[in-house]
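The values are calculated or read from the model by the stated rules, or taken from the named source; none is laboratory data. Model, not experiment: these values are computed from the prediction. In this analysis, Cβ positions are derived from the backbone assuming ideal geometry, glycine residues included, and neighbour counts consider all displayed protein chains. In case anyone asks, the SASA skips ligands and DNA or RNA and just uses the protein heavy atoms, side chains included. Shrake-Rupley method; radii C 1.70, N 1.55, O 1.52, S 1.80 Å.
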Amino acid sequence: MPEVIIIGAGVIGCSIAYHLAKMGCHDVTILEKNLIGSGSTDRCAGGIRQQFSTEANIRLSVESVRFFERFEEEIGHPADFRQNGYLMLATTEAELEIFRQSVALQRSLGAEVNLLSSQEAREIVPGLNVDDVLGATHCSDDGYADPYSVVQGFASAARRLGVKIHPETEVTGIMRTGRTWCLLTSKGKLQSPTVVVATGAWSGQVGKMLGVDIPVHPSRRHIFVTTPLHEIAKNAPMVVEFCNGFWFRREGPGLIFGMRNPEEPESFDISVDWGFLPTIAETASHRLPFLKDMGVVRAQAGLHEDTPDANAIIDGVPGMEGLYLACGFSGHGFMHSPAVGRLVASLVLEKQAISELAPFTLERFKAGAYRKEQCFI
Ligand SMILES: Cc1cc2nc3c(=O)[nH]c(=O)nc-3n(C[C@H](O)[C@H](O)[C@H](O)COP(=O)(O)OP(=O)(O)OC[C@H]3O[C@@H](n4cnc5c(N)ncnc54)[C@H](O)[C@@H]3O)c2cc1C
């Protein structure tokens, strides 16, 4: 019987497994219904930023950035972390006020974020239309890494420390039998005293197996890839427009970009909605006028795992001993995976509440006592 079973081999499950093994708990099994990283992780943009509005998220980011900086040294696998920075754009006074307050908090917690004028933003990214930009924030330590390399790195490092990963093993039922959890899977039954649910956008479904309401809602997001271009430098930052979540960054010879679709219904559909391209193309070519003459060569879609306050759920389930949740990362699970892995491993092994995780409890939704993360994409 494994000491710990983790459901889901995305970046969160693999980081938790690695950290558990590093802390001395080697008897860990991960059950994954498809392949390692095949959920949202391999479909994400790899952005890593410290520009959040709440202390809890900034702390997760600051710790994670330091980890990504030494990822290869610790994990023995490159993360391709490029600290090209992140530039966030405000187009209204209300957004600028959020930026001012957030920058003060970010700096007090060790994130070197600066408030910039629109002209300063344009100096960082020539080619950017800043006519309607009132201000920006920039952090040069932020950037992006390769999601495939990071999840495979965590998985291989965990395996070297004894963790077993079972791909193509779907968990179909979970029940309590005495002091252990019994998991029904597509390949048979398994038992363990401790189970961690790290099933990303599918966590609500796993909650149903447990009779627990886990408010994680799947929401499709796209990444469009342009033809090669030279207008944006290879080392340009990731740029995010605060009001609509439009973002872009360099990827190979072209740009990749995406945006929230407020009309998107909740679903597990990850086919590409080409009908959304004209809407996003309008926003994109307003911000980057040269894009009017560019082509889009391909696109992919994946799922965000959104919660009502755009914050993760990282918690032991009240009244269900040995059952933990690490899900609902609301579009920032990749960047927070190193710190989350360490914290969940500590939570599981020490079996005590951790003050840094207080804003991420499941109970906050019942109590209606939560603070929405303003800087979500
Ligand atoms: C287009 C897009 C862009 C994004 N950009 C960024 C970004 O720039 N930065 C950032 O930090 N985040 C970004 N994200 C979000 C990021 O991808 C997620 O927050 C992160 O990957 C969550 O990791 P996870 O391990 O929790 O989930 P996942 O990677 O989805 O892993 C969960 C795993 O659980 C498995 N699973 C589910 N149910 C079961 C079951 N019953 N039995 C067994 N296995 C099961 C799934 O197959 C899956 O592999 C983006 C997401 C998308 C879609």
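Quick look at the values:
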{"read-out": "Length added when fully stretched, R122-D146, from 0.36 nm per residue minus Cα-Cα", "value": "6.0 nm"}
{"read-out": "Spin-label model distance (nm) - K234 vs E55, 7 Å beyond Cα toward Cβ", "value": "4.3 nm"}
{"read-out": "Tensor-based shape of the stretch 268-317 (alpha-carbon gyration tensor, a/c under 1.5 rounded, otherwise prolate or oblate)", "value": "prolate"}
{"read-out": "For the stretch 226-301 versus the stretch 100-123, the gap between their alpha-carbon centres in whole angstrom", "value": "24 Å"}
{"read-out": "Fully extended contour minus Cα-Cα distance, from D132 to C243, at 0.36 nm per residue", "value": "38.8 nm"}
{"read-out": "Point-charge dipole on Cβ atoms (K/R +1, D/E -1) for the stretch 144-285, about Cα centre, debye to 20", "value": "980 debye"}
{"read-out": "Cα→Cβ-extended label distance, 7 Å offset, between M320 and R100, nm", "value": "4.5 nm"}
{"read-out": "Over the chain, relative contact order from alpha-carbon pairs under 8 Å, at least 6 apart, %", "value": "24 percent"}
{"read-out": "Gaussian network model of the chain, springs between alpha carbon atoms under 10 Å - residue of S117, S267, S192 with greatest fluctuation", "value": "S267"}
{"read-out": "Relative contact order of the stretch 90-231, pairs being alpha-carbon contacts under 8 Å that are 6 or more residues apart, as %", "value": "14 percent"}
{"read-out": "Per DSSP, loop trypsin sites (Lys or Arg not before Pro) in the stretch 219-323 with at most 11 further Cβ within 10 Å", "value": "K234"}
{"read-out": "Three semi-axes of the equivalent ellipsoid, the stretch 284-377, Cα gyration tensor, whole Å, largest first", "value": "36, 15, 11"}
{"read-out": "Whether the stretch 140-273 is rounded, prolate or oblate, judged on the alpha carbon gyration tensor where a/c under 1.5 counts as rounded", "value": "prolate"}
{"read-out": "Positive-end extreme of charge dipole, the chain - chosen from A284, I232, P262 (charges on Cβ)", "value": "P262"}
{"read-out": "The chain: antiparallel DSSP beta bridges as a percent of all, rounded to 5", "value": "70 percent"}
{"read-out": "Two-decimal ratio, the stretch 215-369, of alpha-carbon radius of gyration to 2.2 N^0.38 Å", "value": "1.27"}
{"read-out": "Kirkwood Rh and Cα Rg combined as Rg/Rh, the stretch 129-179", "value": "1.31"}
{"read-out": "Principal axis dimensions, the chain - Cα atoms, whole angstrom, descending", "value": "65, 42, 41"}
{"read-out": "Extension gain from H77 to E112, taking 0.36 nm per residue of separation minus the Cα-Cα distance", "value": "9.9 nm"}
{"read-out": "Net charge dipole size for the chain [Lys, Arg +1 and Asp, Glu -1 on Cβ; Debye, nearest 20]", "value": "980 debye"}
{"read-out": "Where trypsin sites (Lys or Arg not before Pro) fall in DSSP loop in the stretch 1-108, at most 14 other Cβ within 10 Å", "value": "R70"}
{"read-out": "Size-normalised alpha-carbon gyration radius of the stretch 58-214, reference 2.2 N^0.38 Å", "value": "1.46"}
{"read-out": "Cα extents of the stretch 77-167 along the three principal axes, largest first (Å)", "value": "53, 31, 21"}
{"read-out": "Separation between Cα centres of the stretch 49-65 and the stretch 165-217, rounded to whole Å", "value": "29 Å"}
{"read-out": "Shape metrics for the stretch 23-137, restricted to C-alpha atoms - Rg then Dmax, Å", "value": "18.0, 57"}
{"read-out": "Loop GluC sites (Glu not before Pro), the stretch 269-377, which have at most 15 other Cβ atoms in a 10 Å radius of their Cβ (DSSP)", "value": "E321"}
{"read-out": "Calculated FRET efficiency for the pair E251/R66, C-beta based, R₀ 35 Å, to 0.05", "value": "0.90"}
{"read-out": "Cα-based Rg of the stretch 174-226 normalised by 2.2 N^0.38 Å, two decimals", "value": "1.52"}
{"read-out": "Among beta bridges that DSSP assigns inside the stretch 1-147, antiparallel share in %, nearest 5", "value": "75 percent"}
{"read-out": "Members of K164/K187; K33/K187; K22/K189; K164/K208; K33/K189 lying beyond 20 Å, as alpha-carbon distances in this model show", "value": "K22/K189; K164/K208"}
{"read-out": "Heavy-atom accessible surface of the stretch 109-226: percent carbon and sulfur, 1.4 Å", "value": "50 percent"}
